[in-house]
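The structure appears below as structure tokens.
The values are calculated or read from the model by the stated rules, or taken from the named source; none is laboratory data. Worth saying up front: this structure is predicted, and the values here are computed from it rather than measured. Cβ sites come from the backbone with ideal geometry, for glycine too, and all protein chains shown count toward neighbours. These accessible areas exclude ligands, DNA and RNA; they are computed on the full protein's heavy atoms, side chains included. Shrake-Rupley method; radii C 1.70, N 1.55, O 1.52, S 1.80 Å.
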Amino acid sequence: MQPEIEHLASRFREELAGVADERALEELRIRYLGRKGALAGLFQDLGKAAAAERPAMGKAIHALEQVVAEGLAARKTALSACAEERLPAGFDPSLPGRRPWRGRRHILSAVLEEIIDIFRGMGFSVAEGPEVETDYYNFQALNFPANHPSRDSQDTFYVDDEVLLRTHTSPVQVRYMETHPAPVRIVAPGRVYRNEAVDASHAAEFFQLEGLYVDAGVTIGDLKTTLRQFAREFFGPRAELRFRPHFFPFTEPSAEADVLCFNCGGEGCRICGGTGWIELLGAGMVHPNVFRAVGYDPERVTGFAFGIGIERMAMQRYGIEDIRLFLENDVRFLSQF
Ligand code: FA5
């Protein structure tokens with residue numbers, strides 16, 4: 001008798017697993033628990049069994065009865081949950097779900113937004129300009145005369161002799177001052193392009209953030225204080241910024257600012273080219289010729305400008321050793337930030 005009960009129990013489980021709707025479930029209930037069902041048959045057999053076997057058999061049949069009743073009840077709950085939520089029959093809501101893929105902002109967007117926020121906190125607003133620029137805005141109005149050697153520092157991709165992909169965000173300075181009177185305090189983020197020999201720290205397509213502050217009496221002291229404050233907010237209170245004299249046609253005097261290399265801490269390594277410092281930005285006091293080109297009077301206003309390389313900021317902050325990683329769209333890299 002015992003093997004027969006066990007066989008019935010395993011057959012019940014199989015049949016229960018195959019039940020796809022409430023009607024099939026009711027049929028199954030009748031087949032097992034109905035008046036002429038399998039369990040009723042077992043109880044009849046129990047009456048005919050030898051007296052000595054009856055207690056053990058009775059216990060086994062009751063246990064089976066409980067298994068059947070509980071199985072039917074659990075399936076009923078699962079089926080009605082499917083019906084309520086219009087889920088396909090047979091869907092088991094108690095199984096663990098699949099975790100949905102969560103996207104996130106690209107590390108460069110996140111860093112750029114953070115930098116913009118820091119400058120917003122210092123009173124700068126945001127301006128934008130086109131990536132496809134004219135020679136006039138990208139070079140001439142910024143005091144790069146035609147055929148002048150200063151153009152060699154920023155070769156680019158030309159659409160024709162007049163139209164090109166901008167090499168820096170500085171043309172936004174010109175466009176903004178042409179249409180807004182002083183005082184001006186803006187940052188201009190965006191993508192720029194250069195015909196560049198690509199390596200670990202140079203891309204042919206990268207992001208800059210331009211800054212421009214023009215008013216009566218703006219000094220180079222304001223420039224250095226603003227950039228130092230920015231570096232401390234972005235990298236932390238102990239960030240070291242170093243200014244080196246440099247040349248840009250559109251600022252006078254001009255400087256480049258470096259931070260202490262994240263990788264070697266100043267000793268010199270492959271990433272900082274052995275110098276211990278990584279160049280982050282160019283800056284300077286706006287050249288009087290730029291003011292003249294936009295109709296400002298250089299006798300009445302002065303101003304500072306800077307251009308920050310966004311990839312370099314992200315590399316320095318997160319210890320990223322190769323600029324090419326930003327453009328490869330490899331989620332194993334991107335999902336780390
Ligand atoms: C300029 O582009 C100037 N327009 C910056 C400026 C603005 C100077 C306003 C004065 C006043 P430069 O070519 O040095 O300067 O580039 C500025 C920053 O962009 C660099 O410090 C660096 O962080 C980043 N950068 C330049 N070239 C590349 C490149 N090929 N790949 C990645 N980042 C670059």
Please work out how many pairs of lysine residues in the chain are eight or more positions apart (or on different chains) and have Cα atoms closer than 24 angstrom.
-> 4
One finds, for residue 242 and residue 158 with R0 = 30 angstrom and r their Cβ-Cβ distance, a FRET efficiency to the nearest 0.05 of 0.30
Whole-percent carbon and sulfur share, accessible surface of the chain, 1.4 Å | 51 percent
Cubic angstrom per residue, convex hull over Cα atoms of segment 208-337 = 126 Å³
At q = 0.13, 0.17, 0.20 Å⁻¹, the log10 of I(q)/I(0) for segment 33-180 from a Debye sum over equal Cα scatterers comes to -0.85, -1.08, -1.20
Mean accessible surface per residue for the chain, computed with a 1.4 Å probe while every protein chain stays in place, in Å² = 55 Å²
In whole angstrom, how far apart do the alpha carbon centroids of segment 163-183 and segment 282-337 sit?
-> 14 Å
Net +/- balance of residues flanking residue 152 in space, Cβ distance below 13 Å, scoring K and R +1, D and E -1 | 0
Under Stokes-Einstein, the chain at 25 °C and 0.890 mPa s, with its Kirkwood radius over C-alpha pairs, diffuses with a coefficient in µm²/s of 95 µm²/s
At a probe size of 1.4 Å, how large is the accessible area of residue 152, to the nearest 10 Å²?
-> 120 Å²
For the chain, modelled as a GNM with alpha-carbon contacts under 10 angstrom, which of 140, 208, 44 fluctuates the most?
-> 44
Mean residue ellipticity (222 nm) of the chain, computed from DSSP H runs ≥ 4 via -39,500 (n - 2.57), nearest 500 = -12500 deg cm²/dmol
Highest GNM mean-square fluctuation among 268, 37, 121, for the chain with Cα springs under 10 Å, belongs to 37
Find out how many positive minus negative residues lie around residue 60, taking Lys and Arg as positive, Asp and Glu as negative, among other residues whose Cβ is under 14 Å from that of residue 60.
-> -3
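What is the sum of charges around residue 250, taking Lys and Arg as +1, Asp and Glu as -1, for the other residues whose C-beta is under 15 Å from the C-beta of residue 250?
-2
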Using only C-alpha positions, report the orientation-averaged shadow area of the convex hull of segment 2-86, nm², one decimal.
-> 5.4 nm²
